[in-house]
Structure formats: C-alpha cells, structure tokens
Amino acid sequence: MKAKYIIFICALCIMISGCEDLLFDNKNPDKASKITPELGLPVLIFYSAQTNYDHAEYGIYLSQALTTGGRSQEGAYGYKSGWQLLTMNRHPQWRRHFYDIGANAEEVMKAAEESGAKNVILIARTIRLMSTQLTTDVFGDMPLTEAYKSNSPKYDTQESIYQWMLQEADELIGLYNNPQWRDAVSNVSITTKMDRIYSGDLNKWKQFTIALKARILLRKLPNWENTPAVCDLIINTVDAVLADWTEPTYTYDNKGGTSNCPWGPSQPIINSWESRGNLLDKAIVSKYFCKNIMGVYDNYHAQNGASEDPRLEKMMTRRAGPVSDPSPRFRYLENNIGMPLTYQEKNYPDLFSGPYAKNDGYIPLMTKEELLLMKAEATYWKGDKISARELTIEAAQISMDRFKVTNVRAKTYYFTGTYKEKYFPEGTAFTIGHVMRQKYVCMYMQPEQWNDMRRYCYSNNNNLTYDGAVVYPDLRRPYNLYEPYWMRDKNPDGTTKEVWIQRINYDPETEEKYNRPELERLGAFRSADWLKKPMIWAIYTDARK
C-alpha cells in the first residue's frame, strides 16, 4: 500500500507547479529512484491545502451557506441535497488524510530521519496534526495507534485522539524551540518550490502549530469543558500566535490542472476518482446566508451597496433574471427547495468571486480572523463581553480587507451606524450569537464554518440556547430531506423531531470493504443513526441558560 503512494508522490510532482526540479534523473524517466525529503515535502504541502478545500466544500453546504437549484432527496452529492450520504461511493476527506497525507507523511519522515532532515520531520508532523483534527472532526472515532499496521486497524476513540493531538502539539512546539532540531546541520535547505506556504521557515511553522493547538483547545467550548481555566488557556495560546503571525496560505499559479485553485472556475479535480469538484457554477446562495446573515437588500442601493454586510457583493456578483424578472439582483433560495420553473442557475449570483474562488486564488490553512474569533469566544465565556465585542469587530474589519471592501459609507453603516446594534450591540445586548454569526461570515469557504455550527448544536428554534441566546436565528433544516433517514424521528406529540446531521459516514470504498467489523462495533455500518450522533464536543450543555 505504501509503495503505491510513494510512486504516486513522484507522479504528482510532475503535475504540481514548482515540483519539476525535484525529480531525480533516472534510467526510466517514469520512475523515481526512491523517496527523499526534498521530493516528498512539496506533495504534503500541496495536500495540506487540498484537504482544507475538501472539508470546506462539504461544509459550505452542510452549514447551509449554499444550496443547489434542485430539490432531490437523493443525489451523487448527498450533502448538497437531502443528506443521503450513505449511497455516496467515496468521501475524499478520509482518503486524503490516511493516504495522500498520512501514508506519504510516514514515508517522508522515514526518509528525513535517515538523512537527518529534522526540519522536514517537523513540517510533516505539523501537517499530519492539522489533518488529524480535520478528519476526526467529521468522522469521529478513527484509526490512530494502529493506522498503517494493517488493512483493518482498530478505531481509537475521538476523546483519545484529542488527547494525542494536544500531546503532539506540545511536543512539536518544544522541538521547534529545540536548537538541536531547529538548527541541525543535517537539515535540508527548503526552497519556496518545496514549501509554497512558508519556504521552510520553522518559526512560522511553529506559530502555525501553536495556532492548531488553539483550535484543538477551542473544541472544549461551549459544551465539553467550558471553564475559566480552559478559556484562559485558549486566550494565552492565541496571544502567543498573534505575537508573530504570518498567515499560512497556499497560492495557485493558474497554469492549468492542479496549479489552479480548487475553488476557481476551472474546477480542477485531484485524482479524479477520489475528489469532488467545486460545482460553484451550479450552486446557489441560500436564503439563510444571503438574507438572514448578510442582510441583502430587496433593491440594490447605488450608495449603500447590495446588503447590510458589504462583503456580500465581494463574495459573489449579482446577475439578471429571466424575462419576467430581468433586473440584476442577489437572488437566493431556501436550502433544497428548488428553483421556480422559469429560473436557471445563471439567474442567481456568480459565486466565482472573492480571494478564494479564482484560478489564481489561495487557500489559507488558518486566518487571522479565525484566531481573533477564537479569542473572542473564549473571552466571552470568561465573562468579558467588552473585549469579546472588540475582538469580533477587529476580525470583521480584517475580513472586510480580505474581501477588498472599499465602500466606506457601507462599512460605516455596518460598524458604527445604522446596523451597529444588529451586528455589534454594546453592553449586555452583545451575546455569543454575535460572535458566532460573525465567524460564520469570516469562515466562508473554510472548514470551521460547519465545525462551529455543530459545536453550537445548530442553535435556532430548537430550544438550544447558549447563555440564554439563540446562536443562529431563523436557521432551519433544508427542505426535502431524505425521508427514511431524517423524517422518521418523532417528538412525543407526534411532530417531526428536528434532527441535524452531525458527521459523515466512513469511506465506503475502504472501510466497508476492509474494516467492516470495526464499523459494526461502533454501530456505524450503513447506519443513518450514526450520522446523527454528535461529536464529543457537540453534546449540548449550557450551564448559563
């Protein structure tokens, strides 16, 4: 299994811009002599960005920011329709972690250990740590201690995986600070072609590792271990990151194929059989995101813009409707309700806008906005609403800059004028909902958008409040959910119970074939009930309600 992926690394390097010079001269030009740190690292860097896309592409629909023009209960992309995920033949997140990142990282680290390239080991372990959290956060229990030892390894509990991740983060931070690792004479020279994120700068990779630790700790909030001590730990960890932060971004070259951003209009698919294209040309912005979160106006204002939140028209572009409704507008749909008969996808906003959804766009592994909002959340739960509000405003302002919002009038209305009381009220009126709704906007096209929504248990009209507040007002489940899975749960009075999707089923192409006993032990084998089981960090508690 591993040998196959070593060969795959070498083949992929030919495709990825910047890797060409790393290949050996071989008698057979189609084969590499062996894996080396210099050859393997660029591929791990590439996949660190790709796995973030994989998770965000699912999450942008599951968090109900986008929908489609159809209304089917079933489809090839179950997360875009009726949450019928069990018939999908593959989920790229699983394979991306265990094979494209995990198995390759194992081989790269072995080669780096043999050559003494400790700097490569540190970067590879950091990427593996990031990928581990992304993966357990959508699947739950999964192989860790026995991964790669057999085709049917046992699954570790999600709680033990979180314990390992915190230990791994602390150990990595210590090694980054250790001169025997950081300054080892046997370390290889890492060029920008090898590391398109930080060019081998170990201090920057260390800061990103500390940021990962903060994200891991954040899972303690609001349900798992919401204590002042945990809040302090999150705040101090974020402060340590922000003291010297450079955003980890993978920027694409726009030279075709895998050199194009996966969010861009060329819609590249990596290793075709295991990936999902973005299909933003067929996606439609949801009513929840467009109206309830961004406050789109019924009519475009020449001076004020398209919406209360001026980022909307930088995230997407309004388009004309059919003959009966020709004016350019930001049209939207309820999730999975379907388009009116006379409308087509081209009548809804063009989503290929903003810094990510371009062929030469970029994918950030983490943003400054996310860090600030982590701190805002922890500060809020510690009882300091004033600081939480200030941090939330700062994150929103940075997000405005990211999306290149230049309408000063609209920004003034948003932060200090007409809409201040709606988005950033002062005093006791400021709730955790204001923090998390702002983060929902800032995490557009980022994996944390769905993770956050699940952490706060889809708090809407389901009577799950936090500190007495509804976090996501007016959020409702999509229409036309797959009836056998999602419409059979009943309340005592006979009404349908509002059960929400909590996780993705394990990859059918590997786990159902090679590890079925473990799935059956967990109760996860072809079980829709497994999709409804909350993560350990999403079991509802609110001591302050």
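The values are calculated or read from the model by the stated rules, or taken from the named source; none is laboratory data. Bear in mind the structure is a predicted one, so any value in this text is a computation, not a measurement. Positions of Cβ are generated from backbone atoms using ideal geometry, with glycine treated the same way; all protein chains shown enter the neighbour counts. Ligands, DNA and RNA are stripped out before the accessible areas are found, and what is left, the full protein with its side chains, is counted by its heavy atoms. Shrake-Rupley method; radii C 1.70, N 1.55, O 1.52, S 1.80 Å.
Yes or no: segment 305-317 includes at least one residue that is more than 26 Å from Thr418 (Cα to Cα) and either of a type in the set (Gly, Ala, Ser) or open to solvent by 70 Å² or more (accessible area, probe 1.4 Å) (or both).
no
Report whether or not Asp325 is more than 28 Å from Trp486 (Cβ to Cβ), assigned to a loop (DSSP other than H, G, I, E, B) and open to solvent by less than 10 Å² (accessible area, probe 1.4 Å).
Here the answer is no, as Asp325 does not meet what is asked.
Please determine, by comparing only the residues of segment 328-350 that are out of contact with any Phe, Trp or Tyr (no Cβ under 9 Å at 6 or more places or on another chain) and not in a helix (DSSP H, G or I), which one is most open to solvent (accessible area, probe 1.4 Å).
Leu341
Can you say whether Thr495 is polar (S, T, N, Q), open to solvent by less than 70 Å² (accessible area, probe 1.4 Å) and modelled with pLDDT of 95 or more, as far as the supplied structure shows?
Values: polar (S, T, N, Q): yes; open to solvent by less than 70 Å² (accessible area, probe 1.4 Å): yes; modelled with pLDDT of 95 or more: no.
Taking the combined requirement at face value, the residue does not satisfy it.
Considering each residue of segment 72-111, count those that are touching a residue at least 24 places away in the same chain (Cβ under 8 Å), open to solvent by 10 Å² or more (accessible area, probe 1.4 Å) and assigned to a loop (DSSP other than H, G, I, E, B), and give that number.
So the count comes out to 8.
Which residues, counting only those in segment 501-528, are closer than 21 Å to Trp486 by Cβ and among the β-branched types (Val, Ile, Thr)?
Ile501, Ile504
Return the residues of segment 169-199 that are in contact with a Ser or Thr (Cβ under 9 Å, 6 or more places away or on another chain), within 23 Å of Gln133 (Cβ to Cβ) and either of a type outside the set (Lys, Arg) or part of a helix (DSSP H, G or I) (or both); say none if nothing qualifies.
At the first step, the residues of segment 169-199 found to be in contact with a Ser or Thr (Cβ under 9 Å, 6 or more places away or on another chain) are 169, 172-173, 176, 186, 188, 190-193, 196-199.
Checking which are within 23 Å of Gln133 (Cβ to Cβ) leaves us with 169, 172-173, 176, 196-198.
The answer is Ala169, Leu172, Ile173, Tyr176, Ile197, Tyr198.
Go over the candidates Thr510, Thr541 one by one and state the one that is closer than 26 Å to Asn226 by Cβ, among the β-branched types (Val, Ile, Thr) and either modelled with pLDDT under 95 or assigned to a helix (DSSP H, G or I) (or both).
Working: Thr510 fails: closer than 26 Å to Asn226 by Cβ.
After ruling out the rest, the residue left standing is Thr541.
Please name all residue pairs, on different chains or six or more residues apart, with Cβ atoms under 6 Å, provided the first residue is in segment 255-272 and is farther than 18 Å from Thr51 by Cβ and open to solvent by 20 Å² or more (accessible area, probe 1.4 Å) and the second residue is assigned to a loop (DSSP other than H, G, I, E, B) and hydrophobic (A, V, I, L, M, F, W, C).
Pro265/Phe352
Residue by residue, here is whether (1) of a type in the set (D, E, K, R); (2) open to solvent by 10 Å² or more (accessible area, probe 1.4 Å); (3) at pLDDT 95 or above holds:
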| position | (1), (2), (3) |
| --- | --- |
| Glu377 | yes, no, yes |
| Thr392 | no, no, yes |
| Met443 | no, no, yes |
| Gln446 | no, yes, yes |
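Residues that are surrounded by fewer than 16 Cβ atoms within 10 Å (Cβ to Cβ) and in a loop (DSSP other than H, G, I, E, B): does segment 112-129 have at least one?
Scanning segment 112-129 turns up at least one residue that is surrounded by fewer than 16 Cβ atoms within 10 Å (Cβ to Cβ) and in a loop (DSSP other than H, G, I, E, B).
Quick check on my filter: what residues within segment 145-159 are of a type outside the set (Val, Ile, Thr), surrounded by fewer than 18 Cβ atoms within 10 Å (Cβ to Cβ) and more than 19 Å from Trp530 (Cβ to Cβ)?
Of everything in segment 145-159, those that are of a type outside the set (Val, Ile, Thr), surrounded by fewer than 18 Cβ atoms within 10 Å (Cβ to Cβ) and more than 19 Å from Trp530 (Cβ to Cβ) turn out to be Glu146, Tyr148, Lys149, Ser150, Asn151.
Got a number for residues in segment 221-246 being open to solvent by less than 40 Å² (accessible area, probe 1.4 Å) and part of a loop (DSSP other than H, G, I, E, B)?
3
Under the condition of being in contact with a helix residue (DSSP H, G or I) (Cβ under 6 Å, 6 or more places away or on another chain) and part of a helix (DSSP H, G or I), which residue from segment 412-435 is farthest from Gly305 (Cα to Cα)?
Ile432
For segment 513-538, how many residues meet the condition of being in a loop (DSSP other than H, G, I, E, B), surrounded by 14 or more Cβ atoms within 10 Å (Cβ to Cβ) and of a type in the set (Gly, Ala, Ser)?
The number of residues fulfilling the criteria is 3.
Any idea which residue in segment 353-410 is farthest from Arg196 (Cα to Cα), counting only those that are of a type in the set (S, T, N, Q) and without any contact (Cβ under 8 Å) to a residue 12 or more places away in the chain?
Applying the filter and picking the extreme gives Ser387.
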